[in-house]
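Colleague: For reference, the structure I am asking about is given below.
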Amino acid sequence: MAARPGASPAGAARVGTSTRLVAVLAAAATLAAACSGSPQGAAPAAASLDPASAATPGEPASATAENDGGVHDGGVNDGGVNDGGVNDGAAGVPEGEVGSAAGDGAASGTTDGWSRAAEAAPSATAGSGASEAAPSPGAVSEGAAREQAAAGDGASGGGSAGGASAQRAASGAAASGRGATGDGGDLEPFVTGPIAPLTGSLTTDLSLAQRRALAVKIGNGDSKDRPQAGLAAADVVYEVLVEAGFTRFLAVLHSEIPGRVGPVRSARSSDFDILEDLATPYLATSGANSGVRREMSEAARSGTLIDVGAGRMGAPYRRDRSRPAPHNLYFRYENLGGDPESLPGGVPDTPPPALFEYGSANSPPLDDAAGVTVAYTILYGGEASHVWDPILGGWVRIQDGTLHTTETDFGVAEVAPANVVVLWMPYGRSAADRRSPQALSYGSGQALVLTAGSVHEAVWERTEDRVGYRFTDAAGNPLTLSTGSTWLLLANTSRPWPQAEVTVLTVSESNRLLADARAARERSEQERGS
């Protein structure tokens, strides 16, 4: 389909019918629950997108990647204070009392910086809760982990169900949290209960009201960061541009907390505006440069977040010695504290509010569309695609041509969120570091909303007088999401930073891309096993 490079669309997208998802009810031993919703139908012609490029004055972007070896990760953040010093076992080190180290990826000085207490503790390995193997036909999908975890509680909070092969056969055409009677007849919910605010899914976990959201900064700019741990459990994931065309994740966990999350990396100025919607969440990072640390401290004083980063406490953080630094620092929530009263900040006054509207009555989607690719082609940037898999009921992620997987507490899963939203968004210069882009996440712009197998052209809006994002079609009608996990790809439109090139994929293109990625993964596994 038509590529949309940054601010200058190369063509108009076609509009009409798309894949339909037939959802079935997930039964549980103690509680049956279903949420209504079904994919949208077809109709012709929608407006084409034309996001404006907001130029940012200033000097040209540096060709040096700060990500790995510069100010953020090679100095104070991931190769210095955090990865070689304070991180590993040192607790309660005040800001400003930390030293510096030379390199981001040097193993000496990172692994040798452990305290005796950290050395005494058993180190996590890549097999902690999962092998590093690719999802073979018997592997667990991203949403399957949620389905299994929720089965004992009587509800599913995931955005995809089933795995490959045997799990797919068992799940059929399952999708989480939504019931349908076929090609349009919705089932009304027949059981009421608490709703997980960040997924819209029915839950039986009454402790959610006493749990803060946990936001974790997770590496993604290097293949050594993958497979990450814990992405399948995240309710919301923000993909944010950092230096040199790299992206990083800000994963928000609330309805489910996995055994470990990571690799944890350093904060950026973009994070703090994003977190203002989440009712004072925890923020786990490997640290930050001095300017971003000041911004983080200010955000903590204003009640935007509670800093549980490695520069402040060592107990929740452990290194995985089987992986190279700085791509091996992991956060373990169970080590943050005991009962809710003893956790930093104590019991929250309110849980995080809903960020999106959920439902099924959307306007017609784009014709022959089943995926999207967002690419940063300048310097070291790569590309990420999300393509629809009706068996998993989610948008499978493929990064740089490779199937994107994540560790779960049940095995390795394909990343396949229920919803993906691409938001064309300007980035300014970080006041903390002029060489670092900062997402301007308040405002409005054009978007693509991927939900229930359909791709919709949309307008996004986020204002300071209300929480969360609103999506509307060209006529101003609301666009709603499916219950389950949501990934937000904040696609840059502004110079001097690399501008996002966004391409809507046809059904055939999506199917071929997914088949090729899975076949490549299987070949790799066979070669490794031979």
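The values are calculated or read from the model by the stated rules, or taken from the named source; none is laboratory data. Values in this document were obtained by computation on a predicted structure and should not be read as measured data. Backbone-built Cβ (ideal geometry, glycine too); neighbour counts: all protein chains shown. Areas reflect the complete protein model, heavy atoms only, side chains present, ligands, DNA and RNA absent. Shrake-Rupley method; radii C 1.70, N 1.55, O 1.52, S 1.80 Å.
Colleague: Could you check segment 405-436 and list, in sequence order, the residues that are open to solvent by less than 10 Å² (accessible area, probe 1.4 Å), under 19 Å from Arg268 (Cβ atoms) and either among the aromatic types (Phe, Trp, Tyr) or out of contact with any strand residue (DSSP E or B) (no Cβ under 9 Å at 6 or more places or on another chain) (or both)?
Modeller: Answer for segment 405-436, where residues must be open to solvent by less than 10 Å² (accessible area, probe 1.4 Å), under 19 Å from Arg268 (Cβ atoms) and either among the aromatic types (Phe, Trp, Tyr) or out of contact with any strand residue (DSSP E or B) (no Cβ under 9 Å at 6 or more places or on another chain) (or both): just Tyr427.
Colleague: Pull out all pairs, ordered by first then second residue, where Cβ-Cβ is under 6 Å, the residues are six or more apart or on different chains, the first lies in segment 219-235 and is aliphatic (A, V, I, L, M), and the second is in a loop (DSSP other than H, G, I, E, B).
Modeller: From residues that are aliphatic (A, V, I, L, M), the pairs are Ala229/Arg260; Leu231/Val415; Ala233/Glu256; Ala233/Pro258.
Colleague: How many of the residues making up segment 392-437 are modelled with pLDDT of 95 or more and among the basic types (Lys, Arg)?
Modeller: 2
Colleague: Looking at Ala474, is it of a type in the set (Gly, Ala, Ser), farther than 15 Å from Arg397 by Cα and surrounded by 24 or more Cβ atoms within 10 Å (Cβ to Cβ)?
Modeller: Considered against the rule, which asks whether it is of a type in the set (Gly, Ala, Ser), farther than 15 Å from Arg397 by Cα and surrounded by 24 or more Cβ atoms within 10 Å (Cβ to Cβ), Ala474 comes out as no.
Colleague: Residue under question is Val264, and the condition is that it be in contact with a strand residue (DSSP E or B) (Cβ under 6 Å, 6 or more places away or on another chain) and either in contact (Cβ under 8 Å) with a residue 24 or more places away in the chain or within 22 Å of Trp395 (Cβ to Cβ) (or both); does it hold?
Modeller: Yes; evaluated as a whole, the condition is true for this residue.
Colleague: Condition test on Glu239, is it assigned to a strand (DSSP E or B) and either open to solvent by 10 Å² or more (accessible area, probe 1.4 Å) or polar (S, T, N, Q) (or both)? Break it down into steps so the answer makes sense when it comes.
Modeller: On the way: assigned to a strand (DSSP E or B): yes; either open to solvent by 10 Å² or more (accessible area, probe 1.4 Å) or polar (S, T, N, Q) (or both): yes.
Spelling it out, Glu239 is indeed assigned to a strand (DSSP E or B) and either open to solvent by 10 Å² or more (accessible area, probe 1.4 Å) or polar (S, T, N, Q) (or both).
Colleague: Now for a different question. Which residue, of Leu329, Leu392, Leu379, Leu336, is open to solvent by less than 10 Å² (accessible area, probe 1.4 Å), of a type in the set (A, V, I, L, M) and touching a Pro at 6+ places or on another chain (Cβ under 8 Å)?
Modeller: Among Leu329, Leu392, Leu379, Leu336, only Leu329 is open to solvent by less than 10 Å² (accessible area, probe 1.4 Å), of a type in the set (A, V, I, L, M) and touching a Pro at 6+ places or on another chain (Cβ under 8 Å).
Colleague: Is there a residue being open to solvent by 10 Å² or more (accessible area, probe 1.4 Å), among the small types (Gly, Ala, Ser) and either within 22 Å of Phe356 (Cα to Cα) or in contact with a Pro (Cβ under 7 Å, 6 or more places away or on another chain) (or both) anywhere in segment 246-264?
Modeller: Scanning segment 246-264 turns up at least one residue that is open to solvent by 10 Å² or more (accessible area, probe 1.4 Å), among the small types (Gly, Ala, Ser) and either within 22 Å of Phe356 (Cα to Cα) or in contact with a Pro (Cβ under 7 Å, 6 or more places away or on another chain) (or both).
Colleague: Among the residues of segment 462-490, write down those that are among the β-branched types (Val, Ile, Thr), farther than 25 Å from Leu241 by Cα and more than 16 Å from the chain's Cα centre (by Cα).
Modeller: Thr480, the sole residue that qualifies.
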